[in-house]
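Below is one structure, written out as structure tokens; comments come after it.
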Amino acid sequence: MINKICESLRAAVADIEDGSVVMIGGFGNSGIPMQLIEALRLHGARELTIISNNAGTAEEGIASLLRDRLVRKMVCSFPRSSGSIWFERLYEEGKIELELVPQGTLAERIRAAGAGLGGVYTPTGYGTRLAEGKETKVINGKGYVLETAMPADVALIKAHRGDAWGNLIYNTAGRNFNPIMATAARITIAEVNAVVEVGELDPEHVVTPGIFVDRVVVQKVQQHDAA
Amino acid sequence: MINKICESLRAAVADIEDGSVVMIGGFGNSGIPMQLIEALRLHGARELTIISNNAGTAEEGIASLLRDRLVRKMVCSFPRSSGSIWFERLYEEGKIELELVPQGTLAERIRAAGAGLGGVYTPTGYGTRLAEGKETKVINGKGYVLETAMPADVALIKAHRGDAWGNLIYNTAGRNFNPIMATAARITIAEVNAVVEVGELDPEHVVTPGIFVDRVVVQKVQQHDAA
Amino acid sequence: MMRLNRNEMASRVAQDIPDGAYVNLGIGMPTSVANYVSDDKQVIYQSENGILGVGPAPEPDKIDPDLINAGKQYVTLLKGGCYFDNAESFAMMRGGHLDIAVLGAFQVSATGDLANWATNDDKFPPAVGGAMDLAVGAKQLFVLMRHTTKTNEPKILEQCEYPLTGAGVVKRIYTDLAVIDVTDEGLRVRELYGDNTLAEVQALTAATLLPPL
Amino acid sequence: MMRLNRNEMASRVAQDIPDGAYVNLGIGMPTSVANYVSDDKQVIYQSENGILGVGPAPEPDKIDPDLINAGKQYVTLLKGGCYFDNAESFAMMRGGHLDIAVLGAFQVSATGDLANWATNDDKFPPAVGGAMDLAVGAKQLFVLMRHTTKTNEPKILEQCEYPLTGAGVVKRIYTDLAVIDVTDEGLRVRELYGDNTLAEVQALTAATLLPPL
């Protein structure tokens, strides 16, 4: 029987090694696998490369990994949200490497990895500093930049519902990078609000087919929710 | 008020010109916009380039366009289904041009056009006859073929339900090429089984957002259905 | 000279958004354009994080924490709207499906180059977000910005001094002084607010302005 | 010599499909492999036209005309299955997400080259479908074919004579005579059916076979 449900957050991240490349879903504070990130922080893997649209704010999520000095490199489009104090501090101190990628290019590079493509030619960034050192090509009179596939060792994603086969659906704009990251990592781990029976998700409505997901772990009820 | 509902099949295809590049959704006999194809045949535009996975069977769909000698070129992955008599006849007579594209490459080239990419590097076809004359590149030790974006003038697609904003959902495996073709043409025309009110489709379940669709036309009840 | 305030500037752009348009509004002042589009027009707003049909801010008790716009503000969804992932969202933006994008800018050049993502100050980490994709993708790119910096330096220049977001991408510039089209002939003034004269506006512009047609 | 019939060949492949595997079965004989996978294994079949979790043929009164497999046969969907478009389907195939693909072949070379989409006969229009994507994408590619042509010509050769589907892609060959692994050392016989000898099978093979380990 296929059963991808993982009993604990800790077990779900236990095999993430030092030096791993980890994708983390989310946009702003929407659709972030907060509890998986906390489990990863407690697990304590170091020298991580984090691929995510933002770099966390305050002491939460990715910011907590930065604060604990677990991250060697950030790959993102917008690391400087208001309140991204830990990223800004490490950046100023020269303690973190940054690969800045336009958001749509980030999405395509992630998708390319999941789809087995070597790379794509995008018009985004052509003629700008972010294309410096990259191959370019004029196709039908328009300039494009070659952007290569960006795979990961692990993807931590956030979904609304999941089942034992790994099928996932999302909540509103919490979808964002989660479905494409699910396809691009060797191991994809999904934090869900609740698990449903196999067959309960309408086959027309599944957003991430289970084949892309290795582990599904349900959120622990937060203390203040339980009170 | 945004209203993309088109009153008749004939009106929906009336501006398709001779020499147009026309994408047609479907796989085998699943998810084919049969009534739009018939409207196009009656409209009589000539010298068409048709992009579709197959080349029609018997006297139906794309086969009827071939029989009426409206097609100059076929772009497809599998033109030789059992019963593709019209394609085979024209091919044997040297009366039609064929661009054979592996199915996944066809999908990516269509998607690339819709997504504004110049092209993608795919491993598919590397080292085979179908990559002859194409640029190749070794990325991280693996060989890839450059496949460029494939846009169209018009896409004729088939959906299950549509609304006045152009939002679409599909029926089971009738989805196939329809959602990506919807993104890749200057004018996208959807044949639907039924029109629903704007707001009736759940925003989590919409497969093709209305922005990609220009005209929605409801199927006429077939004579034998009405009997 | 007549200088529009922020609301008047947003309102001026709103006049030029046609009924039925698909529009992406950048973070900051551009976002407020939606407040001034008249009710007899149906405009569909896209948000880069995967929303088509963005509606107004929710009632405080109706907030969905996941439902935010690109500026991280809580929003709602209109009837007929839908959600999708970032790959599809940027396919929509890059693929030329949006009719209009309205972005802020640090600088715009005489040939429509846009600089709005980085200054030459290396102290802060750079951030680009979706600006470069919008710049190359939208059918028409409108810039909405003050005509000059706070210290009265021109922001419209022969060449941008700041790193480019995109080259030759801007179609029209809405400032607090005027509306200017980027044309093949050069920067052509389309509208001067109040009694502003071409000479007055030219004096605050570091690129040649052509008179209104 | 012992020659398996079609059903026995399909059954032999089915034995090697592990529980929980994601599998794509090619058109023709490979499709029938599903009939022989034992009920205590849960195997999820993918179909290139956008189905994960393909189930058996429907009752005649339960046919959905849109719900077909790659071979254009009516199928059903298992509980837990889902639908998606062709771009996602081939992303799944090309991106290495399928554990096993089983394809038929005209010819296989000593280095695992696969030829299964075209002969050298130019009379018929060529057709390739999804074969090239599956060939490069699946984690393991199994070929299921008769050991020789109807006229007893070998189909396992030092070099394919027909146009390639993919170079160096085949992992294992299941024929009616034997099971053969494509290894770095060459073609290694894994299993000989019945009393078939290496010499007998070698005589019908135009590439060197290594003995079972």
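Some values worked out for this structure:
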quantity	calculated
Within region C:49-88, tally of residues that are under 20 Å from A:LYS158 (Cα atoms), more than 7 Å from chain A (Cβ to nearest Cβ), in contact with a Ser or Thr (Cβ under 8 Å, 6 or more places away or on another chain) and not in a loop (DSSP other than H, G, I, E, B)	0
Test set (1) facing chain C (nearest Cβ under 7 Å); (2) under 30 Å from A:LEU40 (Cα atoms) - A:GLY127 fails condition number	(2)
Options D:VAL13, D:VAL37, D:VAL33; residue that is among the β-branched types (Val, Ile, Thr), farther than 21 Å from D:PHE90 by Cβ and free of Cβ contacts under 8 Å to residues at least 24 places away in the same chain	D:VAL37
Every residue from region B:147-199 that is within 13 Å of chain C (Cβ to nearest Cβ) and aromatic (Phe, Trp, Tyr)	B:TRP165
Conditions (1) modelled with pLDDT of 95 or more; (2) surrounded by fewer than 24 Cβ atoms within 10 Å (Cβ to Cβ); number of the one not met by D:PHE124	(1)
Boolean, A:THR122 is over 22 Å from C:ASN86 (Cα atoms) and touching a Leu at 6+ places or on another chain (Cβ under 9 Å)	no
Test: residue in region B:6-21 that is more than 11 Å from every other protein chain (Cβ to nearest Cβ), at pLDDT 95 or above and at positive phi	yes
Which listed residue is under 25 Å from the mean Cα position of the chain (by Cα), modelled with pLDDT of 95 or more and over 20 Å from B:ARG111 (Cβ atoms), from A:LEU146, A:LEU130	A:LEU130
Single residue of C:THR148, C:THR175 found to be buried (at least 17 other Cβ atoms within 10 Å of the Cβ), under 12 Å from the mean Cα position of the chain (by Cα), farther than 29 Å from A:GLU99 by Cβ and among the β-branched types (Val, Ile, Thr)	C:THR175
Those residues of region B:79-98 which are touching a Ser or Thr at 6+ places or on another chain (Cβ under 6 Å) and either facing chain D (nearest Cβ under 8 Å) or surrounded by fewer than 20 Cβ atoms within 10 Å (Cβ to Cβ) (or both), in sequence order	B:SER81, B:GLY83
Qualifying residue in region A:195-203 (condition: outside any loop (DSSP other than H, G, I, E, B) and either over 19 Å from C:GLU88 (Cβ atoms) or touching a Lys or Arg at 6+ places or on another chain (Cβ under 9 Å) (or both))	yes
Residues located in region A:154-193, provided they are without any contact (Cβ under 8 Å) to a residue 60 or more places away in the chain and charged (D, E, K, R)	A:ARG161, A:ASP163, A:ARG186
Residue match in region A:23-42 (condition: surrounded by fewer than 16 Cβ atoms within 10 Å (Cβ to Cβ), at pLDDT 95 or above, in contact with a Gly (Cβ under 9 Å, 6 or more places away or on another chain) and not polar (S, T, N, Q))	no
Meets criteria (buried (at least 21 other Cβ atoms within 10 Å of the Cβ), farther than 23 Å from B:PRO151 by Cβ and out of contact with any Gly (no Cβ under 6 Å at 6 or more places or on another chain)) for A:ALA113	yes
Selection status of B:ARG111, free of Cβ contacts under 8 Å to residues at least 12 places away in the same chain, facing another protein chain (nearest Cβ under 7 Å) and among the basic types (Lys, Arg)	no
Residue match in region B:51-71 (condition: in contact with a strand residue (DSSP E or B) (Cβ under 7 Å, 6 or more places away or on another chain) and over 24 Å from B:ILE16 (Cβ atoms))	no
Residue count, region A:11-41 (criterion: in contact with a helix residue (DSSP H, G or I) (Cβ under 7 Å, 6 or more places away or on another chain) and more than 23 Å from A:GLY174 (Cα to Cα))	2
Number of positions in region D:1-23 that are within 17 Å of D:GLY80 (Cα to Cα) and either in a loop (DSSP other than H, G, I, E, B) or not hydrophobic (A, V, I, L, M, F, W, C) (or both)	4
Region A:13-66: number of residues that are under 12 Å from A:ALA155 (Cα atoms) and of a type in the set (Gly, Ala, Ser)	4
Qualifying position, being at pLDDT below 95, surrounded by fewer than 20 Cβ atoms within 10 Å (Cβ to Cβ) and over 26 Å from A:ALA131 (Cα atoms), among C:LEU213, C:LEU198	C:LEU213
Filter result for D:VAL75 (within 25 Å of B:HIS205 (Cα to Cα) and aliphatic (A, V, I, L, M))	yes
Scope region A:85-125; condition of a type in the set (Gly, Ala, Ser) and out of contact with any helix residue (DSSP H, G or I) (no Cβ under 7 Å at 6 or more places or on another chain); matching residues	A:GLY94, A:ALA112, A:GLY118
Qualifying residue in region D:62-81 (condition: crowded, with 22+ Cβ neighbours inside 10 Å, in contact (Cβ under 8 Å) with a residue 40 or more places away in the chain and in contact with a helix residue (DSSP H, G or I) (Cβ under 8 Å, 6 or more places away or on another chain))	no
Checking B:GLU197 against (1) closer than 25 Å to C:LEU78 by Cβ; (2) among the acidic types (Asp, Glu); (3) crowded, with 24+ Cβ neighbours inside 10 Å, the condition it does not meet	(3)
All positions within region C:89-112 that are facing chain A (nearest Cβ under 10 Å), of a type in the set (A, V, I, L, M, F, W, C) and in contact (Cβ under 8 Å) with a residue 24 or more places away in the chain	C:PHE90, C:MET92, C:MET93
Filtered residues of region D:31-48 (kept if within 14 Å of chain B (Cβ to nearest Cβ) and either surrounded by fewer than 17 Cβ atoms within 10 Å (Cβ to Cβ) or small (Gly, Ala, Ser) (or both))	D:SER47
Leading residue by the ranking (surrounded by the most Cβ atoms within 10 Å (Cβ to Cβ)) among those in region C:16-30 that are out of contact with any strand residue (DSSP E or B) (no Cβ under 8 Å at 6 or more places or on another chain) and at pLDDT below 95	C:ILE27
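The values are calculated or read from the model by the stated rules, or taken from the named source; none is laboratory data. Because the structure is predicted, anything quoted here is derived from the model rather than measured. A quick note on method: Cβ atoms are made from the backbone with ideal geometry, for glycine too, and the neighbour counts reach across all protein chains shown.
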